[in-house]
Each structure stands twice: as structure tokens, then as C-alpha cells.
Amino acid sequence: MVKTDQVNFSTKGNGDIIDITALIADKIHNSGISSGTVTIFIPGSTAGLTTIEYEPGLLEDLPQFFEKIIPSNISYNHDRTWHDGNGFSHLRAALVGPDLTVPFTDGKLQLGTWQQVVFLEFDNRRRNRSVIVQIIGE
Amino acid sequence: MVKTDQVNFSTKGNGDIIDITALIADKIHNSGISSGTVTIFIPGSTAGLTTIEYEPGLLEDLPQFFEKIIPSNISYNHDRTWHDGNGFSHLRAALVGPDLTVPFTDGKLQLGTWQQVVFLEFDNRRRNRSVIVQIIGE
Amino acid sequence: MVKTDQVNFSTKGNGDIIDITALIADKIHNSGISSGTVTIFIPGSTAGLTTIEYEPGLLEDLPQFFEKIIPSNISYNHDRTWHDGNGFSHLRAALVGPDLTVPFTDGKLQLGTWQQVVFLEFDNRRRNRSVIVQIIGE
């Protein structure tokens, strides 16, 4: 069985980290599928998906890390094309990747106790985001 | 239903970024599967998969970024073993990862308008590449 | 068909890289599923999954690379919360990601000849690890 849906939320722009675990868990609950994988996918190229322990310290550390390795205040060739100043957003998104696959059994995501699914907003402005949630299983 | 296939193409060596979106879309079209996930996988350890907006600026920015964080002109322990000078290729590939999973519905990849599936060649020479495309769905 | 299982092993702490390919191959062999994908997932936020050529040089290069971009000897905001000194572990894990999806056909993982599935231990102490292995196919 395959069920495809999406979750929608707003972000405050670059550096914003959204815990989408409950949104994903809800889609699994409503799917009627007991065991399988959920593929979470961002249809866009200025954000990324990963998992973290969602606590205030890391919500500062993670943006600081990306600012260090891919600074927002230098010039990128991408900006020559579009002049929207978000070359850094595209590079960070390419590095982290747009997809995350998580197994679930008995309707429950197989995450660790201190592990949440997070959407990393890299774009340089507020965005309304839709993320695809596709559930495959039995 | 599971269909496993592969796509083949050539690269110009390190820094080459190949847009393989049309190749993947074609395999989905021919699979007879309407909705599901496509798993794209590189059977090798000197290249990576991600998505980007495929435009000329980023095709320069991305290789420059990898050159900055994993330089090609320094010595790696890997080169002690094989003396083929591509230690940097292996590190970049391990960082980006060999797999990408993309949902599709009604035979159509659920990518954003400005988002393409790309193969990042990290090896230090021209390569003929085969990438696995596995489609699961109904 | 969906089969969910786990593999268990011990690590020596940060920098330890475990080749789990044979453990995964064994689960596929025992699943009775011939073709499909295996989703490997870490239920925790201080380790990562990727593939490498498992040879002694890279087993040194990879930890050195992570030490360079996310040093273990500087202070992170995460450590303010928990005081366990593993902020660097969390950042490295978020960067690499907890999931890996590998296709298999005729019961055989579609890896390259010089490519192994590896568990990257980022935590700052020895750990007993359980990793989820979910097989979907026919």
C-alpha cells in the first residue's frame, strides 16, 4: 500500500529549525498502514531534512555550524543568476539533502527517545512550506 | 511491485555535476508503476547524489565548496593504500552519501519546480557511471 | 512484504567506524524477500550512516575530517543543557544523517565492489548500539 500526503507549516527564515515529528506521526496514524517506511521529501532546493535532539542548545549550534562552513555574507555565483542573495541557502540544502526515510512498526516511528525529525530552513526569508510524506507498507 | 533498473552516463571527472532527472523520470514512466518511491543508489564510493537547482552559478559554487572543506591538493591516508590520489573523492562521497529517495505520484516525480536530481562526480578522472534505479509502488 | 529487525554491536566511541555490511546482508538473506530496499536507521542522535571503501587509510581520514569541520575541543551550546560534552557528536550526526537506503536484487545488496555500509560512531564514549533494519520488497 502507498499513501501520499503532505504537511504544511511556516518558517521564520534562515536558521529556523522546525520539529515536524508530530506532523509525520499523525499522517502515519491516519494512513491505516501498520508497518513500513515513511519517506519525507522537500520539493525545493533551499531547505534540508535530518534528525536531532530538539533542545535549545543545538538550535543555536546547528545554524552557527552552517554559518561557519557556508557563510551567508560572501558572494556566490548563484547570486549572479538570480540576485536574490540566497546562494548559501542552496549550498547548505544540497549538502544536507531533501529526503529522509524513517521506518515505523505498529504505527509508531522507530525514532530514539531523544531524536526528532527536523526541517532545516536555509532560505533567507520567511516561507510557507509543504513537505511530501509518502507511506509505504502493509 | 518492485522494478530494478539502472541508468548509464559518462562524466568529465571531479567537479562534474550531471542532471539525471530526465533519466529517472523515464524509468518511472516505463515501469508501469503509478505511485511509490524511487531509490537511486550509486554502487561506488567516489560520487554522491543530492538535488539542486541546476543553473550555471551553482555548478561553480558546489565544486568550490567541496574544494574548500575537503581540498584535493593535500595528502590523505587513503592515498598511502592505493596511490591513486583520490582520497578527497572518497571523503566527499562519504559526506554526501550514495542514496536518494524521491516519491512519485501519477507517474510524476514530486520535485519542486526548480529542483533537479544530480549526480556529483568526485573522482579525479573521467568515469563511465551506472546508477541503480529501484522503483517500489503500486 | 515488510520485515523489521535490528542489528546489535558495540563501538569504542568517537571515531570508531563499524562495517555493518555483513550484518545487513544476513538480515536480507533470512528475510525470504528476493528484491527490494533495505532501510537502515539509527534510533539516536549521536551517530551516522554512510558507505565507504573500508580500508585503513580512510578509517583515519574520516575522523580527521570531522574533527576539522566540527572540533571536539570547543564549547557548544548543547553542552550547557546536558553537560556531557558531546555537542560535537550531535552536530556531526545531524550532518551525516541517521538513514541509509540500499536496493537489493536476488537477495544481494547492490553495492559496488569496494563499497561497504558503515556506522559512524560520533558519541564521546563506548556504546552498545542497535540499528533498525527494515526490508520492503517481494
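The values are calculated or read from the model by the stated rules, or taken from the named source; none is laboratory data. Remember, it's a predicted structure, so these values are computed and weren't measured experimentally. Neighbour counts run over all protein chains shown; Cβ positions are idealised from the backbone, glycine included.
Go through region B:80-101 and give me each residue that's surrounded by 17 or more Cβ atoms within 10 Å (Cβ to Cβ) and acidic (Asp, Glu). Step through it out loud before you land on a result.
Of the residues in region B:80-101, the ones surrounded by 17 or more Cβ atoms within 10 Å (Cβ to Cβ) are B:86-101.
Correct list: B:Asp99 only.
Could you grab me the full set of residues in region A:53-63 that are surrounded by fewer than 19 Cβ atoms within 10 Å (Cβ to Cβ) and not hydroxyl-bearing (Ser, Thr, Tyr)?
Result: A:Glu55, A:Pro56, A:Gly57, A:Leu59, A:Glu60.
Of the residues that make up region C:2-12, is at least one among the charged types (D, E, K, R), modelled with pLDDT of 95 or more and within 24 Å of B:Ile42 (Cβ to Cβ)? Don't jump to the end; show me each part of the working.
First, pick out the residues of region C:2-12 that are among the charged types (D, E, K, R): C:3, C:5, C:12.
Add one more test, that the residue is modelled with pLDDT of 95 or more, and what stays is C:3, C:5, C:12.
Pick out the ones that are also within 24 Å of B:Ile42 (Cβ to Cβ) and you get none.
No, every residue in region C:2-12 fails to be among the charged types (D, E, K, R), modelled with pLDDT of 95 or more and within 24 Å of B:Ile42 (Cβ to Cβ).
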*Condition test on B:His90, is it under 16 Å from the mean Cα position of the chain (by Cα) and within 21 Å of B:Arg126 (Cβ to Cβ)?*
yes
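Taking region C:113-130 as the search range and keeping residues that are facing another protein chain (nearest Cβ under 10 Å) and buried (at least 17 other Cβ atoms within 10 Å of the Cβ), which one is nearest to A:Gly48 (Cα to Cα)? Walk me through it before giving the result.
Just the residues of region C:113-130 that are facing another protein chain (nearest Cβ under 10 Å), to begin with: C:113-118, C:120, C:130.
From what's left, buried (at least 17 other Cβ atoms within 10 Å of the Cβ): C:115-118, C:120.
Values: C:Gln115: 26, C:Gln116: 25, C:Val117: 23, C:Val118: 22, C:Leu120: 21 Å.
Per the stated criteria, the residue is C:Leu120.
Looking at region C:5-43 only, could you name the residues that are of a type outside the set (A, V, I, L, M) and more than 29 Å from B:His78 (Cα to Cα)? Lay out the reasoning, then the answer.
Within region C:5-43, the first condition is being of a type outside the set (A, V, I, L, M), and the residues that meet it are C:5-6, C:8-16, C:19, C:21, C:26-27, C:29-32, C:34-37, C:39, C:41, C:43.
Listed by number, the residues that qualify are C:Asp5, C:Gln6, C:Lys27, C:His29, C:Asn30, C:Ser31, C:Gly32, C:Ser34, C:Ser35, C:Gly36, C:Thr37, C:Pro43.
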_For the structure I just gave you, tell me whether A:Thr37 is within 14 Å of the chain's Cα centre (by Cα) and in contact (Cβ under 8 Å) with a residue 12 or more places away in the chain._
no
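Within region B:25-36, does at least one residue satisfy the condition of being within 19 Å of B:Gly13 (Cβ to Cβ), surrounded by fewer than 22 Cβ atoms within 10 Å (Cβ to Cβ) and of a type in the set (A, V, I, L, M, F, W, C)? Give the steps one after another, and end with the answer.
Applying the first criterion (within 19 Å of B:Gly13 (Cβ to Cβ)) to region B:25-36 yields none.
No.
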*So which residues in region B:62-102 are of a type in the set (Val, Ile, Thr) and more than 7 Å from chain C (Cβ to nearest Cβ)?*
B:Ile74, B:Val96, B:Val102
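Would you please name the residue that is farthest from A:Ser35 (Cα to Cα), looking only at residues in region C:1-47 that are among the basic types (Lys, Arg) and outside any loop (DSSP other than H, G, I, E, B)? Outline the logic, then answer.
Applying the first criterion (among the basic types (Lys, Arg)) to region C:1-47 yields C:3, C:12, C:27.
Those still in the list that are outside any loop (DSSP other than H, G, I, E, B) too: C:3, C:27.
On the way: C:Lys3: 9, C:Lys27: 17 Å.
Among residues in region C:1-47 that are among the basic types (Lys, Arg) and outside any loop (DSSP other than H, G, I, E, B), the one farthest from A:Ser35 (Cα to Cα) is C:Lys27.
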*Answer yes or no: is there a residue in region A:42-52 that is under 30 Å from C:Glu138 (Cβ atoms), within 13 Å of chain C (Cβ to nearest Cβ), at pLDDT 95 or above and crowded, with 24+ Cβ neighbours inside 10 Å.*
yes
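Matching residues to (1) out of contact with any Asp or Glu (no Cβ under 7 Å at 6 or more places or on another chain); (2) closer than 26 Å to C:Gly48 by Cα:
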{"site": "B:Ile70", "(1), (2)": "yes, yes"}
{"site": "B:Ser75", "(1), (2)": "yes, yes"}
{"site": "B:His83", "(1), (2)": "yes, no"}
{"site": "B:Gly87", "(1), (2)": "no, yes"}
{"site": "B:Ala94", "(1), (2)": "yes, yes"}
{"site": "B:Asp106", "(1), (2)": "yes, no"}
*asked:* Every residue in region A:29-67 that is of a type in the set (A, V, I, L, M, F, W, C) and in contact with a Leu (Cβ under 7 Å, 6 or more places away or on another chain), please.
replied: A:Ile40, A:Ile42, A:Ala47, A:Leu49, A:Ile52, A:Leu62, A:Phe65
*Can you name every residue in region B:1-41 that is in contact with a Pro (Cβ under 6 Å, 6 or more places away or on another chain) and more than 8 Å from every other protein chain (Cβ to nearest Cβ)?*
B:Gly15
_Lone qualifier among C:Asp79, C:Asp106 - being under 21 Å from C:Gln134 (Cα atoms) and acidic (Asp, Glu)_ = C:Asp106
*Filter result (touching a residue at least 12 places away in the same chain (Cβ under 8 Å) and either closer than 19 Å to A:Leu58 by Cβ or among the small types (Gly, Ala, Ser) (or both)) within region A:8-23*: A:Ser10, A:Thr11, A:Lys12, A:Gly13, A:Asn14, A:Gly15, A:Asp16, A:Ile17, A:Ile18, A:Asp19, A:Ile20, A:Thr21
*Of the numbered conditions (1) within 11 Å of chain B (Cβ to nearest Cβ); (2) within 30 Å of A:Glu138 (Cβ to Cβ); (3) under 15 Å from the mean Cα position of the chain (by Cα), C:Asp106 fails exactly one; give the number of that condition.*
(3)
